[in-house]
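Student: Below is one structure. I have some questions about it.
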Amino acid sequence: MAIYTLPELPYDYAELEPVINPQIIELHHDKHHAAYVKGANDTLEQLEEARDKEQWGSINGLEKNLAFHLSGHILHSIYWHNMTGKKNGGGGEPLAADGVGELADAIAASFGSFAKFRTQLSKAAATTQGSGWGVLAYEPVSGRLIVEQVYDHQGNVGQGSVPILVFDAWEHAFYLQYKNQKVDFIDAMWEVVNWQDVAKRYAQAKERTPLIAP
């Protein structure tokens, strides 16, 4: 059976300067993300052992651990690709002239305008209690885009929603550079959003079979 592996970064550690410095990228990817990958694989091994031995006393804790580590791996895997350096077209807003007009239209339809969407996602990321994420997700029942606050890695999400843009609001994502100014970090994140990647994820999410047939 396949195991989870740490994906390579799609750029070097310095790609996102000055928004995120190389030291943060290196620690965040090589240490924190790697720990979620290891945690997911270790938990799967423990679940296999529980099945083989018919020992289920730790099932609640193992299921929580799997959700935590696996979701951390998935969200971080999206996060790295959601960003690109300004020299490579990062930041701004999605525009039809850049080939991402369908995403731009969906944002306007779901939130009223890009400015309103940006404010909502920024507020969601900045005010997530404890550690967590701000997420733009495609909701397949209505076919609209929604903003979610993700506590830790997996709580408080609409079932079936597909994350297409994620803002990591855990302290390890920014503290070495921004200290306790989470709001400043989130404001700066908009300068490196890779709208081409977000648009690709939106198109892929729309192609999935709806959860509820019309």
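Student: Quote to one decimal, in nm, the extra length available between ALA109 and LYS200 on full extension: 0.36 nm per residue of separation minus the C-alpha distance between them. Walk me through the numbers on the way to the answer.
Tutor: Details: separation 91, 0.36 × 91 = 32.76 nm, distance 1.81 nm.
Fully extending the segment from ALA109 to LYS200 adds 30.9 nm.
Student: Could you tell me what percent of the accessible area of the range 27-153 is made up of carbon and sulfur, with a 1.4 Å probe and every protein chain present?
Tutor: Answer for the range 27-153: carbon and sulfur cover 50 percent of the accessible area.
Student: What percent does the relative contact order of the range 61-160 come to when contacts are Cα pairs within less than 8 Å and at least six residues apart? Numbers along the way, then the final one.
Tutor: Values: 102 pairs, mean separation 22.3, N = 100.
RCO, the range 61-160: 22 percent.
Student: Could you do me a favour and compute the accessible area per residue for the chain, 1.4 Å probe, result in Å²?
Tutor: For the chain, the solvent-accessible area averages 52 Å² per residue.
Student: Related question: About the Cα centre of the range 90-214, what is the dipole size in debye to 20, counting +1 per Lys and Arg Cβ and -1 per Asp and Glu Cβ, all else neutral? Mind dumping the intermediate values first?
Tutor: On the way: 10 positive and 14 negative charges, 45 e Å.
For the range 90-214, the charge dipole is close to 220 debye.
Student: Put TRP133, TRP56 in order of accessible area, largest first, 1.4 Å probe: what do you get? Walk me through the intermediate numbers first.
Tutor: Details: TRP133 0, TRP56 105 Å².
Ranking TRP133, TRP56 by accessible area, largest first, yields TRP56, TRP133.
Student: Additional query: Students often get this wrong: which residues of the range 33-77 have the backbone nitrogen under 20 Å from the point 7 angstrom along Cα-to-C-beta of ASN156?
Tutor: Within reach of a label on ASN156, which here means backbone N under 20 Å from a point 7 Å along Cα→Cβ, the range 33-77 contributes 64-65, 67-76.
Student: Let me ask something else about it. Compute the distance in nm between two label points, each set 7 Å from the Cα along the Cα-to-Cβ direction, one at LEU9 and one at GLN120.
Tutor: 3.3
Student: For Rg and Dmax of the Cα atoms in Å, the listed values are [x] 18.0, 59; [y] 15.9, 44; [z] 16.4, 48; which was obtained by calculation from the structure presented?
Tutor: The calculated read-out lines up with [x].
Student: So, with +1 on the Cβ of K and R and -1 on the Cβ of D and E, and no other charges, what is the size of the charge dipole of the chain about its Cα centre, to the nearest 20 debye?
Tutor: Working: 17 positive and 27 negative charges, 116 e Å.
Its charge dipole is roughly 560 debye.
Student: What is the gain in length, in nm to one decimal, between LEU95 and LYS64 on full extension, counting 0.36 nm per residue of separation less the C-alpha to C-alpha distance?
Tutor: 7.2 nm
Student: Relative to a virtual label point 7 Å from the Cα of ASP187 in the Cα→beta-carbon direction, which members of the range 16-32 show backbone nitrogen distances below 15 Å?
Tutor: Label zone hits: 19.
Student: Another question about this same structure. Per-residue accessible area for TYR175 at 1.4 Å probe radius, Å² rounded to 10?
Tutor: 100
Student: Report, to the nearest 10°, how far helix 59-81 tilts away from the longest principal axis of the Cα atoms in the chain, using its own Cα long axis and a range of 0 to 90°.
Tutor: Computed tilt is about 30 degrees.
Student: I've got another one for you. Considering every pair of different Cα atoms, what Kirkwood radius, in Å, is found for the range 49-126?
Tutor: One over the average 1/r among Cα pairs gives 16.2 Å for the range 49-126.
Student: So, one more: From Cα pairs below 8 angstrom and at least 6 apart in sequence, can you work out the relative contact order of the chain, rounded to a whole percent? Display every interim value, and only then the final one.
Tutor: On the way: 302 pairs, mean separation 48.8, N = 214.
Reported relative contact order: 23 percent.
Student: Enter the angle in degrees (range 0 to 90, nearest 10) between the Cα long axis of helix 114-127 and the first principal axis of the Cα atoms of the chain, meaning the one along which they spread out most.
Tutor: 40
The values are calculated or read from the model by the stated rules, or taken from the named source; none is laboratory data. Bear in mind that the values here come from a model prediction, so they are computed numbers and not experimental data. Neighbour counts are summed over all protein chains in view; Cβ atoms, including those assigned to glycine, are modelled from backbone coordinates with ideal geometry. Please note that ligands, DNA and RNA were not included when accessible areas were found on the heavy atoms of the full protein model with its side chains. Shrake-Rupley method; radii C 1.70, N 1.55, O 1.52, S 1.80 Å.
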